[in-house]
Amino acid sequence: MQRFNEFTMSNAPELKLREGDKAPDFKAQTNGGGTIALSDFRGKDVVLYFYPRDDTPGCTKEACAFRDHFSKFRKNGAVLLGVSVDSTKSHDKFAEKFKLPLKLVGDEEQKIVQAYGVWGNKSFMGRKYMGTHRVTFWIGPDGRIKKIWPKVKPEAHAEEVLAALEW
């Protein structure tokens with residue numbers, strides 16, 4: 001049995017949203033200077049993945065895995081959105097550095113992370129702090145949550161989500 005520690009995967013938060021719930025709508029700035037709302041994608045599958053911070057080891061692995069499978073997500077008609085509390089300026093640098101084709105949503109005021117229940121207590125190397133938990137939501141064309149991944153392994157997660165979308 002593989003064991004995970006705080007370096008490879010954080011503990012899953014207590015999520016208030018459940019599969020079948022209506023996904024909270026939001027409107028926010030993205031990398032590249034755009035603004036999007038979740039409701040803009042009604043009628044499409046949306047993969048909304050929350051991650052702690054731009055350009056950190058785990059977040060980079062996860063983003064690059066989504067980048068490497070981006071064409072498969074598009075082929076399946078899915079919209080891929082990454083959300084962190086970083087600024088859009090930080091997102092611009094991160095996306096440019098790693099050639100990320102997906103939209104990164106800025107949530108500096110923590111409204112989206114709060115609405116989805118992914119902001120909470122974390123610990124790293126014995127230090128406790130508040131931060132974003134790595135959680136992914138698959139939102140169906142009807143705006144309802146189809147699946148939630150509360151524990152994510154950054155390197156393998158894109159393939160795991162893609163497998164679910166292809167069922």
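The values are calculated or read from the model by the stated rules, or taken from the named source; none is laboratory data. Bear in mind the structure is a predicted one, so any value in this text is a computation, not a measurement. Ideal geometry is used to build each Cβ from the backbone, glycine not excepted, and the neighbour counts take in all protein chains shown. Side chains are part of the model used for accessible areas, which takes the heavy atoms of the whole protein and leaves out ligands, DNA and RNA. Shrake-Rupley method; radii C 1.70, N 1.55, O 1.52, S 1.80 Å.
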Surface per residue (accessible, 1.4 Å probe) for the chain, Å²: 55 Å²
Accessible surface of the chain, 1.4 Å probe, proportion on carbon and sulfur as whole %: 48 percent
Value of [θ]222 nm, deg cm²/dmol, for the chain, DSSP H segments ≥ 4, -39500 (n - 2.57) each, nearest 500: -7000 deg cm²/dmol
Computed magnitude of the charge dipole of the range 38-167 (debye, nearest 20; Cβ of K, R +1, Cβ of D, E -1): 200 debye
Mean projection area, nm², convex hull over Cα of the range 64-113: 3.5 nm²
Set K97/K151; K44/K72; K93/K122; K22/K153; K75/K153; K99/K128 screened for pairs whose C-alpha atoms are more than 22 Å apart: K97/K151; K93/K122; K22/K153; K75/K153; K99/K128
